[in-house]
Amino acid sequence: LVVNDGSSDRTADILKALQAEFPGLHVIQHGVNRGYGAALRTGFKAAEHDVIVITDADGTYPEDRIHELVQHVRDGADMAVGARTGEDVNIPLIRRPAKAALRHLASYLAGTRIPDLNSGLRAMRKDLVMAYLPILPNGFSFTTTISLASLTNGHRVDYVSIDYAARSGRSKIRPIRDTLGFVALIVRTVLYFNPLKVFYPVAGFLLLLVLGSTYYDMFLVESAPNLSDKTVLLFVAWVQVLSLGMIADLIDKKSRL
């Protein structure tokens, strides 16, 4: 099953030739470019089997490892991801620091180590994907979102180390803009499924500021001990963040009933 997301090159012609050679090849055409996630959504809806494998068509992922990923799902995993941690991984050096920072942030918020956050080679149960399909985006962040949604909800996600070939052509990733977008996406996704993971660290930081400011006001200021406006505002901010976290957690728990 191939989804052509409105490609403007010779992709459509090549797919027609492949269909003539392989009659079982099912091709779905998007009239316009709708985005990476939109192409996956179309493919998931059209897929007829209970285990789905996704990969890119640019030759960067080792398709000969697909059977391993499928076997992990057959053995009980909800999702098996080809983690680009092998000996021959061709990711531009300029993108590696940002990817590592995003991976560590996501690992902390999800509460588990994530070797590869947005690998495009993975096998998964169709019912898992369909359960989260309404919240999955149409853009490049599709795989990141489904990874975080699965991990924060306790699904079993296995990782298989793979190589990653050099990509030909120009990437559509915009380093600064997309990195900031991924940070927002990670926080928003974890906030949706496990809000306390986001609110508690912020509340803890504010509490430290409140205690430090209180100590300064009471013991280090030469005038009579008195709480400053700054300390009061920090205390109010701490109470508000803590309260919002608890309310968000209650809403999350109620929505799961």
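The values are calculated or read from the model by the stated rules, or taken from the named source; none is laboratory data. These figures come from a predicted structure and were not determined experimentally. Quick reminder, even Gly has a Cβ in these numbers, built from the backbone with ideal geometry, and neighbours come from all protein chains shown.
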Would you confirm, using the coordinates I've provided, whether A100 is modelled with pLDDT under 95 and either part of a helix (DSSP H, G or I) or touching a helix residue (DSSP H, G or I) at 6+ places or on another chain (Cβ under 8 Å) (or both)?
yes
Filtering the stretch 36-69 down to residues that are farther than 26 Å from A166 by Cβ and either of a type outside the set (D, E) or not assigned by TED's automatic domain parsing to the domain that holds F142 (or both) yields A38, R41, T42, F44, K45, A46, A47, H49, V51, I52
Counted residues in the stretch 209-251 being more than 28 Å from T189 (Cα to Cα), of a type in the set (G, A, S) and out of contact with any helix residue (DSSP H, G or I) (no Cβ under 6 Å at 6 or more places or on another chain) come to 3
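The rows are residues; the columns are (1) β-branched (V, I, T); (2) free of Cβ contacts under 8 Å to residues at least 24 places away in the same chain; (3) surrounded by fewer than 17 Cβ atoms within 10 Å (Cβ to Cβ); (4) under 27 Å from Q71 (Cα atoms).
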position: D163; (1), (2), (3), (4): no, no, yes, yes
position: R174; (1), (2), (3), (4): no, yes, yes, no
position: G204; (1), (2), (3), (4): no, yes, yes, no
position: L209; (1), (2), (3), (4): no, no, yes, no
position: Y216; (1), (2), (3), (4): no, yes, yes, no
position: L250; (1), (2), (3), (4): no, yes, yes, no
Could you check the stretch 169-257 for helices (runs of 4 or more DSSP H) lying wholly inside it with 1 or more residues that are touching a Lys or Arg at 6+ places or on another chain (Cβ under 8 Å) and either of a type in the set (V, I, T) or outside the structural domain of A149 (by TED's automatic domain parsing) (or both)?
175-193, 196-215
Within the stretch 56-63, identify whether any single residue is in a strand (DSSP E or B), crowded, with 17+ Cβ neighbours inside 10 Å and within 19 Å of the chain's Cα centre (by Cα), and answer yes or no.
no
Which one of the conditions (1) part of a helix (DSSP H, G or I); (2) in contact with a Phe, Trp or Tyr (Cβ under 9 Å, 6 or more places away or on another chain); (3) surrounded by 15 or more Cβ atoms within 10 Å (Cβ to Cβ) does M130 fail to meet, given that it meets all the rest?
(3)
Can you work out which of the residues in the stretch 83-114 that are touching a residue at least 24 places away in the same chain (Cβ under 8 Å) and within 12 Å of the chain's Cα centre (by Cα) is surrounded by the most Cβ atoms within 10 Å (Cβ to Cβ)?
A106
